[in-house]
Amino acid sequence: MEKSDLNPSKKKKKMIARLGIGTKGVVYLLIGGLTAWAALGSGGKKTGSKGAFQFLLGQPFGQVMLWLVVIGLAGYVFWRMYQTFMDPEDNGLDRKGLRRRLSYFSSGFFYLFIIYSAVQLLIGAGGGGSGGGKESMIQKLLNQEYGRWMVAAVALIFLGKAIYQMFIAYSGNFKIKIKEAGMNNKTQQLMIYSGRVGYTARGLVVGIIAYLTVRAAITYDASKSGGTEDAFNFIQDEFGAIVLGIIAFGMLAYGLFIMIKASEHKMNF
């Protein structure tokens with residue numbers, strides 16, 4: 001009896017998790033798709049999450065679609081915070097468990113800012129590129145007494161995230177968890193390929209964001225920093241449209257991976 005009483009609650013949390021993770025996948029599909037489209041010279045634009053939201057707003061029923069994205073991402077934030085504080089995966093309080101729970105918290109906290117930028121657009125307060133909010137934050141930090149070191153610390157966080165993305169992509173643990181999820185062989189192969197390519201592309205983009213942030217700390221110039229869109233611009237300027245296209249397709253693969261993950265209730269990484 002007690003067990004059955006818990007089932008509805010568990011089902012609701014699982015539905016919220018799937019909704020949130022799936023919505024995150026949609027955002028990355030838009031980011032990767034629009035940027036790949038731009039790299040091919042067929043339209044589109046190099047963009048981050050805010051640019052993807054602006055694209056959605058420009059479509060028929062754009063406001064409705066963007067509100068649905070906001071609701072979905074709110075579900076993602078809820079799930080990450082639930083993983084952090086309720087620990088449904090039994091990560092515990094040892095060093096490894098705390099590190100994983102901290103990564104859940106930082107992910108949820110980051111997506112709060114993504115939601116905020118979407119709501120700004122919906123109420124007509126948005127504008128500018130995807131890197132503007134980050135640039136403003138960096139400038140505020142640089143204005144503090146130890147601002148340069150604070151910005152350097154932010155860069156280290158980004159660098160750590162980039163390295164972690166690469167670790168996920170190429171660790172044996174990544175493939176083991178996919179195989180344990182009970183999917184058929186074709187889905188497993190699609191997950192392994194899209195996940196490895198996607199995590200690699202995401203790691204490279206976050207690594208460039210870390211570099212841009214370090215550059216801002218060294219020069220005391222917040223305009224030298226940037227977000228995903230600025231990282232794409234850097235890639236195109238330094239390595240050309242072909243490399244940009246490859247990484248953009250990698251972001252598309254990451255979005256696909258996340259959406260498949262949302263449909264698999266056993267996926268847990």
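Yes/no per residue for (1) closer than 22 Å to F167 by Cα; (2) out of contact with any Gly (no Cβ under 8 Å at 6 or more places or on another chain); (3) crowded, with 19+ Cβ neighbours inside 10 Å; (4) in contact (Cβ under 8 Å) with a residue 60 or more places away in the chain:
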{"position": "N185", "(1), (2), (3), (4)": "no, yes, no, no"}
{"position": "A210", "(1), (2), (3), (4)": "yes, yes, yes, no"}
{"position": "S223", "(1), (2), (3), (4)": "no, yes, no, yes"}
{"position": "G240", "(1), (2), (3), (4)": "no, yes, no, no"}
{"position": "G250", "(1), (2), (3), (4)": "yes, no, yes, yes"}
{"position": "L256", "(1), (2), (3), (4)": "yes, no, yes, yes"}
{"position": "S263", "(1), (2), (3), (4)": "no, no, no, yes"}
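Taken residue by residue, the range 92-114 has no member that is among the acidic types (D, E) and open to solvent by less than 60 Å² (accessible area, probe 1.4 Å).
Within the range 75-91, the residues that satisfy the criterion of being surrounded by fewer than 18 Cβ atoms within 10 Å (Cβ to Cβ) and assigned to a helix (DSSP H, G or I) are F78, M81, Y82, F85.
Looking across the range 118-148, the residues that are farther than 16 Å from I209 by Cα, buried (at least 18 other Cβ atoms within 10 Å of the Cβ) and either among the polar types (S, T, N, Q) or at pLDDT 85 or above (or both) come down to A118, L121. The residues of the range 225-238 that are open to solvent by 50 Å² or more (accessible area, probe 1.4 Å) and without any contact (Cβ under 8 Å) to a residue 60 or more places away in the chain, listed by number, are D237, E238.
The values are calculated or read from the model by the stated rules, or taken from the named source; none is laboratory data. This structure is a prediction, so every number in the text was calculated from the model and none was measured. In this analysis, Cβ positions are derived from the backbone assuming ideal geometry, glycine residues included, and neighbour counts consider all displayed protein chains. For accessibility, only protein heavy atoms count, side chains too; no ligands or nucleic acids. Shrake-Rupley method; radii C 1.70, N 1.55, O 1.52, S 1.80 Å.
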